[in-house]
Every structure is written in structure tokens, then in C-alpha cells.
Amino acid sequence: MSSSPESSSPLPNLPLPTLGGLQFWTDHIWNDGWRLQQHALTGHWRLLSPSNVRYAWGTRAACEQAMQDRVDRSRVPDTRIVVLIHGLLRSSQSMGKLREALLGSGPGRPVAFEYASTRKAISEHAAALREWVETLPGQPRVDFVCHSMGNIVARRAFADWQRQGDPHGVLPRIGKMVMLGPPNQGADIARRLGKLGLFEIVTGRGGMELGAAWESFQQELATPPCPFAIVAGDLTASWLQNPLLSGPSDFLVLVEETRLQGAVEHRTVPVLHSLLMNDASVQHFVSEFLQG
């Protein structure tokens, strides 16, 4: 069996369980839980089932064909999708509890977008997100709930649709957005730690874009083209404080850094940055805002 780039046949494969991504894989197409992913380092592709079992790998064409063979074409597409986007150094698994909460109370089907946050520039993550949204079956209404850097990835995608064109009509289908701990003004902690060579090694170009490169990078972002709310963590009353930050924060992002003109609502909760999406009050707010 040929394994050339032009081959439309998958490489020999045993259905093997995987971890779903975890900083090495980025989603490009989703259909009823099946995911077409590309490896951030090698560039090869794979097809995962809804339970994260690998059913094909090799070239994109081969994996796309395998996806078409396995997806139930008779299924009626979702009319509304809630896109969950994780932050830097996290994975789609970090949005799992929020997804479970929205499954029972949300207005649409919650689906997590996986991307290798430390391996590429934010513009590349945004390009993958655009393709992922554009190829959703049935052209559903799309809402966004993003954590930390995931908000910046979405804002870059919005800007690219506005600048480069929107042939699939995504922008008119965007309903609402909730930003959880968004570094909308960059991140002071990234500026400080970015002076250390280890920071870029660990967080990649995306981490630097939130810090040292922010002044120029922010010109590439758009304000969400829809009603949006912001939830910021504020640990002022807690013993847990970050000595590197001056001002109310969630330990990683300052409350002032989360602000963005045009927000319908900006609220604070006494929750650590990494746990915002797991907090029951935040989950309730997200559900209520999306349905309102």
C-alpha cells in the first residue's frame, strides 16, 4: 500500500486508543464526534472516533475518505453548536466538566476544539479553527465559550474572516460568546516570564505573542462580532496571591487584562484561572447567557 503524499489509501492501522491530542494534535474537521487531526510536528494526519480511538492515519486524503466511510450520513446535523476552546498548555479535556454541564442545560451541542497550543503561532491555530467551523455539517449557529488563550485564538479567527473573506457565511451564524479569564490586553506575567528563555521553550510562539510580542500582535485581533460576556477570576480575598502580579487577578491574568470594550457583561468570581471552567457558578452563568 502506497504511503506517498498523493495516496488516498490509509496506512495499515489497528484501532488503537489515544489521548485525543494533548499538545501534539490539532483538529481540522469534526463530524458527529469523529475528528480529523494533524500532528503539529510531523504533519501527518489521523482519524479519531468519538471515543478517541484511531481508525486511520497517514495522508489527509486517506483519513478524509476513512471519515466519510464511517460517519452516519443519514444523521440530521445539529442546528446549534457551542464551541469550547481550551487555553495555553491545556487540552480539550480541560473543558470536559463544562461540556458535561452544558449537555444537560445548554442551548446547543457543546463540542471541544483541540489544538496544539504550544506548537504553533496563534494565527495557525486560528486557521485550523476556521476550517473546523466552516466544515461543521449543516452550517449550524455557532456559539463560543473559550478559556484563556482560546479567546485570543477565536479573536484572531474572527479577524481573519473579516479581512480575508467569509465564503462559508460563518460570521452571520455566530450567536454569542463567553470569555473565561481572557488575556484581552495581553498578559503581564507572560511579559515578565518571557524574558527567560525557558518560557518560550515551554509555551511556544503563542506564549510570546501574549507577552513580549503583544503590542504588534494585538493589531491582528478582532472584537467578537456578537454579544459577548467576560468572566474574570479575582482572588483578592484569598491567601493565594501571585507575587509577580500587581493588582486583582486569578493568579495568572489580571482582572484589568480581561476587559474588552463592547462586552455585554463583565463579572468576577473568586476562582483560580485554571479552574474557571469547572466552577459551578461559572457553568450556570455560561448556560444562562447563551440561552438568554
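Checked against the criterion of being assigned by TED's automatic domain parsing to the domain that holds Ser249, touching a strand residue (DSSP E or B) at 6+ places or on another chain (Cβ under 8 Å) and within 23 Å of His284 (Cα to Cα), the range 162-170 has no qualifying residue.
The rows are residues; the columns are (1) buried (at least 23 other Cβ atoms within 10 Å of the Cβ); (2) basic (Lys, Arg); (3) in contact (Cβ under 8 Å) with a residue 60 or more places away in the chain.
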| position | (1), (2), (3) |
| --- | --- |
| Gly108 | no, no, yes |
| Ser117 | yes, no, yes |
| Cys146 | yes, no, yes |
| Gly150 | yes, no, yes |
| Arg156 | yes, yes, yes |
| Asp166 | no, no, no |
| Pro172 | no, no, no |
| Gly181 | yes, no, yes |
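Meeting the requirement of 1 or more residues that are touching a residue at least 24 places away in the same chain (Cβ under 8 Å) and in contact with a Pro (Cβ under 6 Å, 6 or more places away or on another chain), the helices (runs of 4 or more DSSP H) wholly within the range 184-292 are 255-258, 280-291.
Criterion first (within 23 Å of Leu171 (Cβ to Cβ), surrounded by fewer than 16 Cβ atoms within 10 Å (Cβ to Cβ), more than 21 Å from the chain's Cα centre (by Cα) and at pLDDT 95 or above) does Gly262 satisfy it?
Criteria met by Gly262.
The numbered conditions (1) touching a residue at least 60 places away in the same chain (Cβ under 8 Å); (2) surrounded by fewer than 22 Cβ atoms within 10 Å (Cβ to Cβ); (3) not assigned by TED's automatic domain parsing to the domain that holds His273 are all true for Asp27 except (2).
With the condition kept exactly as written, say whether any residue in the range 55-75 is surrounded by 19 or more Cβ atoms within 10 Å (Cβ to Cβ), within 19 Å of Met179 (Cβ to Cβ) and aliphatic (A, V, I, L, M). For the range 55-75, residues surrounded by 19 or more Cβ atoms within 10 Å (Cβ to Cβ), within 19 Å of Met179 (Cβ to Cβ) and aliphatic (A, V, I, L, M): absent.
For the range 266-280, filtered to residues that are within 21 Å of the chain's Cα centre (by Cα) and surrounded by fewer than 19 Cβ atoms within 10 Å (Cβ to Cβ), the residue that is nearest to Ala222 (Cα to Cα) is His266.
Table: residues versus (1) surrounded by 19 or more Cβ atoms within 10 Å (Cβ to Cβ); (2) within 29 Å of Lys120 (Cβ to Cβ); (3) of a type in the set (A, V, I, L, M); (4) over 19 Å from the mean Cα position of the chain (by Cα).
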position	(1), (2), (3), (4)
Gly197	no, yes, no, yes
Val202	no, yes, yes, no
Arg205	no, yes, no, no
Ala213	yes, yes, yes, yes
Ile230	yes, yes, yes, no
Trp239	no, no, no, yes
Pro248	no, no, no, yes
Val286	yes, yes, yes, no
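The values are calculated or read from the model by the stated rules, or taken from the named source; none is laboratory data. Please read all numbers here as calculations on a predicted model, not as lab measurements. Cβ coordinates were reconstructed from backbone atoms using ideal geometry, including for glycine residues, and neighbour counts include every protein chain displayed.
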